[in-house]
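Presented below is the structure to which this report refers.
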Amino acid sequence: MINMNINRNLFLGVAIGLTVAFLVSSLNMIHFSSVKNVFQTGMTGTHTIRNQKDMRTAMSSGDDKHFHTDDDKVAQALAKQVRVLIWVMTAPVNLKEKASTVRDTWGKRVDKLIFFSSETDKNFPTIGLNISEGREHLTAKTMRGFKYIYDHHFNDADWFMKADDDTFVIIENLRYFLSNENHNEPIYFGHHFKTIVKQGYYSGGGGYVLSKEALRRLATIGKDEKICRQDGGAEDAELGLCMERMGVKTANSTDALGRSRFHCFDPETHIFGGYPDWYYQYDANGAKKGEESISDYAISFHYVPPKMMRSLEFYIYHLRPYGIQSGDQKLNVKHMKRTEV
């Protein structure tokens, strides 16, 4: 009787175990089959999800755990058509936090990214300009940085942008904006200030981008101290005076709805205001604030600390509202009015 009960309990335990195993296996197959159907053609950064093995590999790799199904064919096509080099002005004390964050976020999307500092660091790497640190030497850093780019990378891109190590740049929007422009024109773009220089000049922190022809003139004509100051003064204003004297034009960079694309403060400041007094005198577009004043295809923001930079990376490239597919907008102005020199 005891043996019979033991056998009956053993049989019942085995049956229950097999049933549970079957159910778990079935649920896993249903789960992975459903996920496979959703993601089998999706792009996840460097991963293309085609099957369950690809999905598990991507999930365990740690490279990108966001399984997006974004269609980036237009952005990829622009990346082939609009070649952009960006150089970042940094300092030895900023490499660990600021510069490394730039490199790990938006910097990985640009065609060519170069860091200039006062000292060479082959491990990071940075290129040393052999110029002392300090705001009073930013002009020299800028002039020498662009000269280096001209000497070593002139044929690597068509547009050449200078940014700070606390500037956040949305590369896809930069390429879209520049796709409407001619890099053979003597022209440059950025956050427009209307003082000091007759045609205005661009905020250094908001980043400014030179055409190929503008870079050529800066590196050849601009080395003349009678035309361009080589050090001292306010870097962005001095560059603006230099550009004007060389016949390089400024131009309106707002979108088709009159909204700003380059920004010399962080997103919150441009949304909520609280600008310093000088900004109302300098800004060429009226020091507007609010979401309606910022282009949906904004290009840059300044005074962005590392944590905010990584947050922007997440918000822009990973956070998604389910069920909303954002279509492309035509926000470039077909015939921009150039500012005459």
Using a 1.4 Å probe on heavy atoms of the protein chains only, the accessible area for MET308 in Å², nearest 10, reads 50
From largest accessible area down, sort ARG217, ARG259, ARG83, ARG310; use a 1.4 Å probe on the protein chains.
ARG310, ARG83, ARG217, ARG259
Would you please classify the overall shape of the range 123-258 from the alpha carbon gyration tensor, given that a ≥ b ≥ c denote the square roots of the eigenvalues, rounded means a/c under 1.5, and beyond that prolate means a/b larger than b/c while oblate covers the rest?
rounded
If each part is reduced to its alpha-carbon centroid, the range 73-109 and the range 183-213 end up apart, in Å, by 20
Using a Förster distance of 25 Å, the FRET efficiency for GLN230-ARG135 (Cβ separation, nearest 0.05):
0.95
Average projected area of the Cα convex hull of the range 243-341, in nm²?
8.5
Which of the aspartates and glutamates could a cross-linker span from LYS194 if the Cα-Cα distance has to be under 14 Å and same-chain partners fewer than 8 positions apart are dropped?
ASP236, GLU238, GLU244, ASP283, GLU340
If the label point is 7 Å along Cα→Cβ of PHE124, which residues in the range 142-161 have backbone nitrogen under 15 Å from it?
142, 145
Rolling a 1.4 angstrom probe over the protein chains, ignoring ligands and nucleic acids, what is the accessible area of THR220 in square angstrom, nearest 10?
50
Separation of the GLN81 and ASP277 label points, Cα + 7 Å toward Cβ, nm
4.8
Roughly how many nanometres apart are two label points built 7 Å out from the Cα toward the Cβ at VAL93 and THR195?
2.7
Toy charge model, Lys and Arg Cβ at +1, Asp and Glu Cβ at -1: the range 113-216 dipole around Cα centroid in debye, rounded to 20, equals 340
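The values are calculated or read from the model by the stated rules, or taken from the named source; none is laboratory data. Computed from a predicted structure; not experimentally measured. Reconstructed Cβ throughout: ideal geometry from the backbone, glycine too, with neighbour counts over all protein chains shown. These area figures cover heavy atoms from the full protein model, side chains too; ligands, DNA and RNA do not enter into them. Shrake-Rupley method; radii C 1.70, N 1.55, O 1.52, S 1.80 Å.
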